[in-house]
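Since the structure comes first, as structure tokens, the remarks are kept for the end.
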Amino acid sequence: MSAGILGMGKFVPERVVTNIDLEKVMDTSDEWIRTRTGIEERRIADDNTNTSDMAFAAAEQAIKNAGLTAKDIDLILVATVTPDHPFPSVACMLQDKLGARHIPAMDISAACSGFIYGMVTAKQFIDNRTFQHVLVVGVEKLSKITDWDDRGTAVLFGDAAAAAVMGQVSDGKGILSFELGADGSGGKYLYQDDRFIKMNGREVFKFAVRQMGESAVNVVEKAGLKKEDIDYLIPHQANIRIMEASRERLEIPEDKMIKTIQKYGNTSASSIPLALIDAVEEGQIKDGDLLVMVGFGGGLTWGALTLKWGK
Ligand code: UT7
């Protein structure tokens, strides 16, 4: 038996902000944003919807989708860099909102790699039989730390939540291999100051292209697989050009890369699970498919894993 995904859920705010909308409020263009990033629109949460609210909506759906109730959850991990407050954690707030038992709950701060960090952490507790069901949530309300006067970052981000209930799945399915890493010396390239996201786009771009490709190849090798065994690549949806670079490194065709960046932008910790759930809902990813998920983010951090889809 191995650790895998038993159910998933998502929440995206209703309000759609298109590139054309942004053209009206800042010195940018739909053409620039599309060609440099692949983004067409993003979702922005309203003032009354905070990170824990989005996490709750996605988590409730994931638990239901797994055929469980909140009382069945043994651990809550929330990957976010935009918590409602520095503390209590979103995970603790979520435990209360869900009406879960007094189980352990904590946030994971690994920026856009956070969901992969969460899945790998959940796997350890599931493999050693400490916990049966672990709720892992990737959630961000990036709009509250976005500097709308900085066109270099403002056009990139969106708000969203996606959640997975993890537990034991049948032999051969679930997580087959993983890799996590961090290089704190690169923290200066992507961080939050007192208020806003600050980014050296070019440095982050170079790091991402190198690291995403390398980690994706590493996890495939670690699982004893070949590149041609991969059914779908689910990269962190940060920039289509970065995603393409990792796809080319894995030598997989265009239609085997899951792409949702055009409709959500970069939603940090929720981007990978959001892309996964959309692809499953649309019938693209099917039982038994071999998936490679790979992400990078502020820290700098990175994480990748191979997962055989299904229970
Ligand atoms: O989850 C991790 C988060 N971070 C990332 O994934 C970011 C990684 N980096 C990137 O995705 C890219 O570096 C960006 C999309 C941020 C920028 O693309 P780029 O091709 O590296 O552009 P650049 O920063 O080299 O800027 C090129 C030009 C500049 O003008 P000049 O100096 O050539 O006249 C910028 O001022 O584009 C200008 N520019 C813009 N123009 C219109 C920068 N932002 C914009 C904008 N609209 N929004």
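The values are calculated or read from the model by the stated rules, or taken from the named source; none is laboratory data. In this text, all values refer to a predicted model and were calculated from it rather than measured experimentally. Using ideal geometry, Cβ is built from the backbone for each residue, glycine included, and neighbour counts are taken over all protein chains shown.
Restricting the stretch 243-254 to residues that are closer than 19 Å to Ala279 by Cβ and of a type in the set (A, V, I, L, M) leaves a set whose member that is modelled with the highest pLDDT is Met243. For Gly9, the test of being assigned to a strand (DSSP E or B) and in contact (Cβ under 8 Å) with a residue 60 or more places away in the chain is passed.
Is it the case that Arg247 is among the charged types (D, E, K, R), within 16 Å of the ligand (Cβ to nearest atom) and surrounded by fewer than 19 Cβ atoms within 10 Å (Cβ to Cβ)?
On the way: among the charged types (D, E, K, R): yes; within 16 Å of the ligand (Cβ to nearest atom): yes; surrounded by fewer than 19 Cβ atoms within 10 Å (Cβ to Cβ): no.
So Arg247 fails the test.
Only one entry in Lys286, Lys259 is farther than 21 Å from Gly172 by Cβ, part of a loop (DSSP other than H, G, I, E, B) and outside the structural domain of Met54 (by TED's automatic domain parsing), namely Lys259.
Among the residues making up the stretch 18-31, those that are part of a helix (DSSP H, G or I) and in contact (Cβ under 8 Å) with a residue 24 or more places away in the chain are Asn19, Leu22, Val25. Among the residues of the stretch 168-182, those identified as under 19 Å from the mean Cα position of the chain (by Cα) and at negative phi are Ile175, Leu176, Ser177, Phe178, Glu179, Leu180, Gly181, Ala182.
Taking the stretch 52-163 as the region of interest, the helices (runs of 4 or more DSSP H) fully inside it that hold 2 or more residues being under 25 Å from Phe296 (Cβ atoms) and within 16 Å of the ligand (Cβ to nearest atom) are 114-127, 151-154.
Right, Ile39: of a type in the set (Val, Ile, Thr) and away from the ligand (no atom under 13 Å from the Cβ) or not?
Working: of a type in the set (Val, Ile, Thr): yes; away from the ligand (no atom under 13 Å from the Cβ): no.
Considered against the rule, which asks whether it is of a type in the set (Val, Ile, Thr) and away from the ligand (no atom under 13 Å from the Cβ), Ile39 comes out as no.
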